[in-house]
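Enquirer: Here it is: the structure, laid out below.
The values are calculated or read from the model by the stated rules, or taken from the named source; none is laboratory data. The shown structure was predicted, so the numbers you read here are calculated from the model rather than taken from an experiment. Cβ sites come from the backbone with ideal geometry, for glycine too, and all protein chains shown count toward neighbours.
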Amino acid sequence: MRSSDPALTLPHLPTTLADWLARCERLHPKEIDLTLERVRGVAERLGLVFDAPVVAVAGTNGKGSTCAMLEAIALQAGYRVGLYSKPHLVHFEERCRVNGQQVSAAELLPHFEAVERARGDVNLTYFEFTTLVIARLLSMAPLDLVILEVGLGGRLDAVNVVDADCAVITSIDIDHTEYLGATREAIGFEKAGIMRAGKPVIVSDPVPPQSLVDHAQKIGADLWRFGRDFNYSGDKLQWNWAGRTKRFNAMAYPALRGANQLLNASGALAVFEALRERLPITAQAARNGLALVELPGRFQIVAGQPTLVLDVAHNPHAVATLVQNLDQMAYFPRTHVVFGVMRDKDIDAILARLAPIVDHWHFTDLPAPRGASAQELAQRHAALHLKGPGPVTVACHADPRQALDAALSQADPADRIVVVGSFQTVGGVLKDGLPRLTGKHAV
């Protein structure tokens, strides 16, 4: 990987990643400012160009899983792969991987300086600045495939300054309504903005908004729809995938747990069929990649007693999928839930969907201005008069790790603890590594 020219070094600028990130947080008065003009101008001054094919992945839920599957399959096929995903759980460096390895802070620093020089007096948001940093690093690395996860939008998202060779749009649901609109049709239109004329777009939502389909037709994108251009079938032991011209049969289920992962895996395989002339893969690469894929915080089950499940579901659709997956697990006498979420989410709907499985709630504060306080969550829960499977208790905590520790002290070895909500909720329990689970009555 090439580093920046020493001449780009500017005086009186941060010298550590932490200081650069703090500086980025101060540059723009808004945390989110959806527009492309500012970031596109800086990208042009950077000369941002990718030699490798680029896949952009947008959607409400399933983006992270799809990106991880694309990366894992491509690596198993012998390709050199760069990945930009977000947000991070604990460390910023999680957002960028090259050939399956997380980049170091030292590798990122020259690119922060380059973006700082190129931006001049343009105020970029934290997300815009750091997107350009990682995009520049990936553009300068010797890669065969670049995977870029789109942020909350699509049409006006900073990632959209890059013309992707293939777009992926995962499931669409209601989220970030203040920026994207309050209906699936409005949100679908925003996500559709990552499409490009004449280029494939893989839509793995089984029932996509009509606005998304209409936009693909309007600009002449090559629309691949689940159920028409690719599909899956299977039983409890194995599954099969079929695309326009290619099939993979008798595959083991993906390592990522949950019924929804077959949709994400199907979309990932459709990408490789769409790009087969540039990135051909074998059935063995597909099998191995899906068997080895990892993604922390997505229905992640931590070994030990009691059973611990980590999931970053933070909107009603994702939570409904989580509850379905939890319902398919073995029997647990009691379920303890550690929950923290941003105030702008549909908290009432999330609580209502979780409530039928929850015996003990552990609400937590989050270290973010947008975070709902534990007391707010407890009050919302009380106002809804929700019922659980039996008697329900509620407790409030100052941070996610304190909430987890309280749940662990209360739980029996046969119980289940679910940490769910914001990335900061799951990240908060992982900041010192995976928790050690030794049930108080375990032998």
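Enquirer: Mind checking which residues of the range 137-167 are touching a Lys or Arg at 6+ places or on another chain (Cβ under 6 Å) and among the hydrophobic types (A, V, I, L, M, F, W, C)?
Expert: Met140, Leu143, Val161
Enquirer: Restricting to the range 238-255, name every residue that is touching a Ser or Thr at 6+ places or on another chain (Cβ under 7 Å) and free of Cβ contacts under 8 Å to residues at least 12 places away in the same chain.
Expert: Matches in the range 238-255: Asn240 only.
Enquirer: If you check Leu434, Leu377, Leu384, which single one turns out to be of a type outside the set (D, E, K, R) and buried (at least 21 other Cβ atoms within 10 Å of the Cβ)?
Expert: Details: Leu434 fails: buried (at least 21 other Cβ atoms within 10 Å of the Cβ); Leu384 fails: buried (at least 21 other Cβ atoms within 10 Å of the Cβ).
The conditions single out Leu377.
Enquirer: So Phe230 clears everything in (1) at pLDDT 95 or above; (2) touching a Phe, Trp or Tyr at 6+ places or on another chain (Cβ under 9 Å); (3) on the phi > 0 side of the Ramachandran plot except one condition, right? Which one?
Expert: (3)
Enquirer: Considering only the range 148-240, give the strands (runs of 3 or more DSSP E) lying wholly within it that have at least 2 residues that are in contact with a Pro (Cβ under 6 Å, 6 or more places away or on another chain), not assigned by TED's automatic domain parsing to the domain that holds Cys67 and not charged (D, E, K, R).
Expert: none
Enquirer: Report, by residue number, each residue of the range 409-437 that is in a helix (DSSP H, G or I) and touching a Lys or Arg at 6+ places or on another chain (Cβ under 8 Å).
Expert: Filtering the range 409-437 for residues in a helix (DSSP H, G or I) gives 409-410, 423-430.
Passing the criteria: Ser409, Gly428, Val429.
Enquirer: Right, something else. Testing Ala158 on (1) modelled with pLDDT under 95; (2) of a type in the set (A, V, I, L, M); (3) farther than 17 Å from Leu13 by Cβ; (4) surrounded by fewer than 24 Cβ atoms within 10 Å (Cβ to Cβ), one condition comes back false. Which one is that?
Expert: Unmet condition: (4).
Okay, residues lined up against (1) at pLDDT 90 or above; (2) surrounded by 19 or more Cβ atoms within 10 Å (Cβ to Cβ); (3) within 24 Å of Ala395 (Cβ to Cβ); (4) among the basic types (Lys, Arg):
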site	(1), (2), (3), (4)
Thr282	yes, no, no, no
Gly289	yes, yes, no, no
Val293	yes, yes, no, no
Leu310	yes, yes, yes, no
Pro333	yes, no, yes, no
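Enquirer: Going through the range 289-346 one residue at a time, which ones are part of a loop (DSSP other than H, G, I, E, B), of a type in the set (Phe, Trp, Tyr) and more than 15 Å from the chain's Cα centre (by Cα)? Reasoning before the result, please.
Expert: Quick first cut of the range 289-346, residues part of a loop (DSSP other than H, G, I, E, B) only: 293-299, 303-306, 312-315, 328-334, 341, 343-346.
Restricting the remaining residues to those that are of a type in the set (Phe, Trp, Tyr) gives 299, 331-332.
Scanning the range 289-346 gives Tyr331, Phe332.
Enquirer: How about the range 251-284: which of its residues are assigned to a helix (DSSP H, G or I), over 26 Å from Gly198 (Cα atoms), of a type in the set (A, V, I, L, M, F, W, C) and within 23 Å of the chain's Cα centre (by Cα)?
Expert: Once the filter is applied, which keeps residues that are assigned to a helix (DSSP H, G or I), over 26 Å from Gly198 (Cα atoms), of a type in the set (A, V, I, L, M, F, W, C) and within 23 Å of the chain's Cα centre (by Cα), the range 251-284 yields only Leu262.
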